[in-house]
1. If we scan segment 591-612, do we find a residue that is within 30 Å of R249 (Cβ to Cβ) and of a type in the set (D, E, K, R)?
2. Say whether the condition of being without any contact (Cβ under 8 Å) to a residue 40 or more places away in the chain and within 31 Å of the chain's Cα centre (by Cα) is met by at least one residue in segment 593-608.
3. Could you grab me the full set of residues in segment 66-91 that are touching a residue at least 12 places away in the same chain (Cβ under 8 Å), hydrophobic (A, V, I, L, M, F, W, C) and part of a helix (DSSP H, G or I)?
4. I'm trying to understand the selection: among the residues of segment 568-577, which are surrounded by 17 or more Cβ atoms within 10 Å (Cβ to Cβ) and either over 21 Å from F332 (Cβ atoms) or not β-branched (V, I, T) (or both)?
5. Might you let me know whether segment 173-181 holds any residue that is without any contact (Cβ under 8 Å) to a residue 24 or more places away in the chain, surrounded by 20 or more Cβ atoms within 10 Å (Cβ to Cβ) and not basic (K, R)?
6. Name the single residue that is nearest to the chain's Cα centre (by Cα) among those in segment 101-130 being of a type outside the set (S, T, N, Q) and at pLDDT below 85.
7. Taking the options P307, P341, name whichever one is at pLDDT 95 or above and under 30 Å from E418 (Cα atoms).
8. Would you point out the residue of segment 307-328, among those that are under 22 Å from E612 (Cα atoms) and not aliphatic (A, V, I, L, M), that is surrounded by the most Cβ atoms within 10 Å (Cβ to Cβ)?
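The values are calculated or read from the model by the stated rules, or taken from the named source; none is laboratory data. Remember, predicted model here, so these are calculated numbers, not experimental data. Cβ placement follows ideal geometry from the backbone for every residue including glycine, while neighbour counts extend to all protein chains displayed.
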Amino acid sequence: MHERIDDATALVQEHYTSGENEVSLPWGLMETLQKAGAVQPLFEFTEKMIDTEVGDAFWSVYIELGAQLEQSDRVLAKVEQALENAEGQQRVDLLDQLIDARFAAGEVEQGVESLREKIKIAQENPSSDSNNTLNAYVQLAKIGWLMQREDWLDEGLEQALAELAKAPDPEGNDRWYRASARQQAVGVLMKAERFAEVEKLLIDGVSDAVRNHEQESRGGYGGDVDSIRDAMVEVAVFYGEVERWADVRLMLEKSPYWGTSDLKEILTQKGASGSSPLAVYVASALADNGQSQDALAMVNHALDQEPGEDSLYALLAELDPNGAPARLDELFARDQFEERPLIWKAKLALDAGDVDAADQIIRQAISIDPSDGEQGAGDRMRAYAILAEVLRAQGDDDTAEIMEGAVRAIRISEDADEFDRAGLLSHGVTGYKEALTHFADAYCIQSRLAIQLANLGRYDEAAEHYQRAFELMPSSFGRVESHCFGCEDAFSGERAQTIAARVFDELVIAQPLTPQVHYLRGYLYTSMNKHQDALANYQQATTLDPDYLNAWKRIQGLARHMQLEQEKQDEAALAIFRLDPLGRHASSDLSTVSDLAAAWRAMEAAQPLRIEPPESVLVLPASAAWIEENTTSDDFRWRYRYNSREQLETPGGFLASHGITNLASTVATLGMH
């Protein structure tokens, strides 16, 4: 290939110069060439191509390959050379590439200068996309916050707020860009505790949403009620975050823009920044007004819908410390794979001085989901923090220090995630490495570090961390694993898959009776599209542990990729429904089960879990009146439904809707004619 780079360049130019075909490289090409040791020739090929008429399509690949080959200086020099002759949109596009490359490499000062140049070009060009300029301001503010550069933070926010203060497009064509930029700006402003500016932005968001609704209604399209509701939730969440409880209550009573007549429709909705559910703030506002029983009822309604929310449990414990343990038992009985009720029950036991009970309960919680990956930043690893308190109370300071180190590691890695999301990859890597100095046995941090090192082309380093992550996985997974942020792609790519295959093959020999080992091996084979091998491993996992929910879930999912016997499909569907009848962790469609009697019995056994939704949680009088006067049925095509995930059918309803029953009815009807 080294000898035919010129031929390849000529061939591509001949095929694409006409402009009738879109230039693209085949998916997986770089991975294949990496394995063949041919990345350097591809790098040289893309370097030649960027000097041609169709070169713009090759910049991102060229920059990525330069990082892999540790030739970023050469790449940056090439970009800067191209910038000397580029004008208009082409120059902006090249600056985007340069900005990404500099931020990823840790050249933040230079990246900011390039970002400023991009903004300047956009300001001088009236025809430029103002939405991209707005996003650039917000990006500068984010970088300023992360790098603790108040000058960058202030500069970015000042410009972003000025842009958002301009009148929106009369036709509403920029609504989504403005909403997205507003949300991001709010996130930065909240971190900077600039609350007055947050409030103004959020109220402007409501005004924009109402204006858009009126425009659409006049056009006969049906108004965008969803956007109004979302904007209102953002305002209420903000008031709750800063504990302006009177303002929350005023909104509930007087605001006409909730998009619903009763709070039950939006009880568990969150703000865009990943806040607590709306119920937490409304219940707190009611409790602040002396309405503790109403607040407690609201928390309990919300927990039936969102039993994984720590903020709801914290409020439950505050509002009803004596009755909370029984309620926690009730919640756990509804879902054996949700560990949050146990975590908070252990906390209550510890606070009451019952250390032994707290020890037993918290260890049970950890066994359900050892990695606690589904929780957001700040809440993850809560169980280990409580276990550390228990251990200190028992006099085991050494083990307590290990548990506290695990929690510290996760918090540091969450900060590293912020850098990673902002494109500051090298800073993220530094954070992940620091986290591992506090707790090296966190598979999720090992995995994220490996992925980022591979993205930076540091493959030998990545391989070491991939191997450790895969070795730690079996002890980090429960019957329902929850991959942490950034770990979902741990099995992506041939390099990672090769390492994982070797590790899991060794673990199967060393730990043949550990179901997680077989499950993970099956998971790997699924990623490699080796579905028959995956099935054998999932089945081995369920043989060793018939209650391994996610293994059954994976078996059921294989029916989309291979021929799966009806008996095996029935077995998986019935097992999933037995273990998770409310469908919180896996979906089981009993309407496809051929054994009607078994399906009926399963449905009948689950009936004690049925909950009748309340007729009302909290009436919103002003909103109800506005809806009556200003909306039509078309406005509510996407409305929320209370408890929609847990509408458990009755056995009779299930039988009436079953495919076999419907088929029999159809045949009988046809026979009558």
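1. yes
2. So far as segment 593-608 goes, no, none of its residues is without any contact (Cβ under 8 Å) to a residue 40 or more places away in the chain and within 31 Å of the chain's Cα centre (by Cα).
3. Those that are touching a residue at least 12 places away in the same chain (Cβ under 8 Å), hydrophobic (A, V, I, L, M, F, W, C) and part of a helix (DSSP H, G or I): A67, V75, L76, V79, A82, L83.
4. If the condition is that a residue be surrounded by 17 or more Cβ atoms within 10 Å (Cβ to Cβ) and either over 21 Å from F332 (Cβ atoms) or not β-branched (V, I, T) (or both), then Q569, D570, E571, A572, A573, L574, A575, F577 are the ones that fit.
5. no
6. Out of the qualifying residues, it is A104.
7. That would be P341, the only listed residue that is at pLDDT 95 or above and under 30 Å from E418 (Cα atoms).
8. Among residues in segment 307-328 that are under 22 Å from E612 (Cα atoms) and not aliphatic (A, V, I, L, M), the one surrounded by the most Cβ atoms within 10 Å (Cβ to Cβ) is Y313.
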